[in-house]
1. For the chain, find the longest principal axis of its Cα atoms and tell me its angle to the long axis of helix 160-170, 0 to 90°, nearest 10.
2. By how many degrees, between 0 and 90 and to the nearest 10, does the Cα long axis of helix 2-70 differ from the longest principal axis of the chain?
3. Per the helix-only calculation at 222 nm, which mean residue ellipticity applies to the chain, given -39500 (n - 2.57) for every DSSP H run of n ≥ 4 and division by its residues, nearest 500 deg cm²/dmol?
4. Neighbouring Cβ atoms within 10 Å as the yardstick, rank S95, S119 fewest first.
5. Taking the Cα atoms of segment 1-103, what is the range of coordinates along each of the three principal axes, in descending order and whole Å?
6. Quick one: P(r) of the chain from all Cα-Cα pairs, 5 Å bins, percents rounded to integers, in order of increasing distance.
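Only the coordinates and a few stated rules stand behind these numbers; no lab work does. Here the structure is a predicted model, which means the values were calculated and not measured. In this analysis, Cβ positions are derived from the backbone assuming ideal geometry, glycine residues included, and neighbour counts consider all displayed protein chains.
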Amino acid sequence: QERLRQAEEERRRAERREMRRRAKEEEERKRREDEERQLQEKRERERLKQEQQERERQRRLEEAAERQRRMPKTCQTCNGTGVCQSCNGSGYRFSAFLVSTVGPEAMQQYGRVQQGCESCGGVKQGIRGPLNKGDGKCACCDGTGKIWPDLEALNKSLSPKARTMQAWASTPML
């Protein structure tokens with residue numbers, strides 16, 4: 001009887017040890033699964049964060065490109081000075097008028113005479129008539145030194161997707 005009781009007691013202890021070992025293994029397995037799940041969640045959050053940062057960077061690049069596209073360009077005619085290249089901003093040029101005989105009895109004026117610069121809006125009147133000077137400003141950029149882009153023409157050259165994105169960007173959010 002005593003042996004049976006000891007054997008039964010030993011069997012119960014072995015069962016309890018086995019149950020504790022199984023419970024410990026189960027806890028360890030759950031802990032590893034939780035750690036793996038948390039690690040995957042962390043990786044997913046980092047991936048989403050990187051994607052968001054990349055989208056934001058791409059958006060900023062597109063905005064910078066759009067700003068650059070809308071910026072005025074330096075006038076190629078006057079190299080940004082804004083003055084007429086023909087008359088250097090004076091509004092007139094000199095012309096030489098020759099006569100067959102020089103003397104006080106000449107009927108017309110002759111020699112080096114100011115003429116209005118036609119490049120910047122003056123009138124080349126010839127030897128007769130009053131001097132009509134130009135404004136001395138570059139005719140291409142109207143004296144500003146910059147040429148503003150034609151946004152309508154630029155928008156037509158955009159792809160349909162870019163036009164849609166531009167329209168969405170200009171729509172106010174409610």
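1. Helix 160-170 sits at roughly 90 degrees to that axis.
2. Helix 2-70 and the main axis of the chain meet at about 0 degrees.
3. Roughly -18000 deg cm²/dmol at 222 nm, from the helical runs in the chain.
4. Lowest to highest Cβ neighbour count: S95, S119.
5. That gives 161, 15, 14 Å along the principal axes, largest extent first.
6. Distribution as computed: 2, 7, 7, 7, 6, 6, 6, 5, 5, 5, 4, 4, 4, 3, 3, 3, 3, 3, 2, 2, 2, 2, 2, 1, 1, 1, 1, 1, 1, 0, 0, 0, 0 percent.
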